[in-house]
Amino acid sequence: MTKFSLIILTYNSDYEKIILTIKSILEQDLLEYEIIISDDGSQIDFFEELRGFFTKKYFNNYKLIKNEHNLGTVNNLLKAIKQSKGKYVKGLAPADLLYNNDSLSKMYNYLTINNSKFAFGRMKSYYVDKKGILHMHEFFAPKNLKEYKKNSKNRIKILRNLLLYKDWISGVTMFFERDYVVEYLTCLSSESKVKYCEDLIPVLILLNNGDIDFYNQCIVWYEYGDGISTDKNKENSKLLRKDHENFLMYLQQKYGKNEIVRKALKKNRKNSKNHLNRNNSYTKINNTWIRRLLIAINKPYLVFFKLETYFQAMKIEDRKSEKGFLNNNKSWFYKE
């Protein structure tokens, strides 16, 4: 039985980064998996080189999928999942890695024991500078894990954290039951017109009374600064903003009676108005502390949330005790 389908989504990606991700998969002690590489219309897809790499590693349970035209992350992932055979699926971008050699087996045990259709774990982030030096980076998504840790989870509060506080669950930390995620990705693509933000799926799950399960261990390494959500590129920011606007329009039509959805729509309208009329926002106030004070007076709920998040970050469980592939191990960065 194929327990997992590991799907690497590529678009004009660096070959060495693709290899890095594959290597983290091939190191796993859980053997019942397949690797799918789905390229989204790149000029160079490296498929011949990848076939040679897999042959060299004596690994043949893989698929290479080529999209003739760029479909966007959501449709690229959806197309790959429809061709997958695993009970569970995991999406990865080049240079995102499974955390250590038992990450897949631990996650599989967690999913099966808890009968989970959707779960996410903790992440550690890193980046490699122009000199090729590896740096650990403090980036977490979501930042506030309080509600996810509870045995009896409050869907309303989690939905609030996502839609109102924009404390998103990173897509790289997500694991899905195959047939379950197809439904939601199809909704994002065809009904919501979302192209890149697969991390909006938890909102749909919650609005349909589904469960968000949390595995409280590091499960992936995330390469900070190279993905569409963290590379600071203005064009990518526009694409993400468009996705969120389309998604909110869909939520208004389908879930407009939900209180959190209504608040999110109201907040979005206010932000859009302030964006057009800068005099109504705090962005023109140069003094950082005065600006923060005004925000605190007008949005005390958000201040409490951020303070709670800050104190949680101060006591994250034994980060240093969890040894992963990249802890003091520069040999991971190599050329094949």
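The values are calculated or read from the model by the stated rules, or taken from the named source; none is laboratory data. Just so it is clear, the structure is predicted and the values come from calculations on it, not from any experiment. Virtual Cβ from ideal backbone geometry, glycine too; neighbours counted across all protein chains shown. Note: areas computed on protein heavy atoms with side chains; ligands, DNA, RNA excluded. Shrake-Rupley method; radii C 1.70, N 1.55, O 1.52, S 1.80 Å.
Remarks
Listed here are the residues, each with its yes/no results for (1) within 23 Å of LEU78 (Cβ to Cβ); (2) of a type in the set (Gly, Ala, Ser); (3) open to solvent by less than 20 Å² (accessible area, probe 1.4 Å); (4) at pLDDT 95 or above.
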position	(1), (2), (3), (4)
LEU204	yes, no, yes, yes
TYR215	no, no, no, yes
ILE228	yes, no, no, no
LYS232	no, no, no, no
ASN236	yes, no, no, no
LEU240	yes, no, no, no
ASN246	yes, no, no, yes
TYR250	yes, no, yes, yes
TYR255	yes, no, no, yes
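- Out of LYS87, LYS117, one residue alone is open to solvent by 10 Å² or more (accessible area, probe 1.4 Å), touching a Gly at 6+ places or on another chain (Cβ under 8 Å) and touching a residue at least 60 places away in the same chain (Cβ under 8 Å). It is LYS117.
- Within the range 55-87, being assigned to a helix (DSSP H, G or I) and either on the phi > 0 side of the Ramachandran plot or touching a helix residue (DSSP H, G or I) at 6+ places or on another chain (Cβ under 8 Å) (or both) holds for THR73, VAL74, ASN75, LEU77, LEU78, ILE81, LYS82.
- Residue count for the range 1-52, restricted to those that are open to solvent by 30 Å² or more (accessible area, probe 1.4 Å), closer than 16 Å to SER105 by Cα and not charged (D, E, K, R): 4
- Qualifying residue in the range 57-73 (condition: touching a Phe, Trp or Tyr at 6+ places or on another chain (Cβ under 7 Å) and without any contact (Cβ under 8 Å) to a residue 12 or more places away in the chain): yes
- Test result for TYR62, in contact with a Cys (Cβ under 6 Å, 6 or more places away or on another chain), surrounded by 15 or more Cβ atoms within 10 Å (Cβ to Cβ), modelled with pLDDT of 95 or more and more than 20 Å from LYS195 (Cβ to Cβ): no
- Selection of the range 152-169 for residues being open to solvent by less than 50 Å² (accessible area, probe 1.4 Å), not acidic (Asp, Glu) and not in a helix (DSSP H, G or I) yields LEU164, TYR165, TRP168, ILE169.
- Test: residue in the range 170-185 that is open to solvent by 50 Å² or more (accessible area, probe 1.4 Å), more than 18 Å from TYR222 (Cβ to Cβ) and in a loop (DSSP other than H, G, I, E, B): no
- Filter pass, ASN154 being within 16 Å of the chain's Cα centre (by Cα) and not hydroxyl-bearing (Ser, Thr, Tyr): no
- Close pairs from the range 242-267: first closer than 14 Å to TYR165 by Cα and touching a residue at least 40 places away in the same chain (Cβ under 8 Å), partner open to solvent by 30 Å² or more (accessible area, probe 1.4 Å) and part of a helix (DSSP H, G or I), Cβ under 6 Å, at least 6 apart: ILE260/ARG160; VAL261/TYR255
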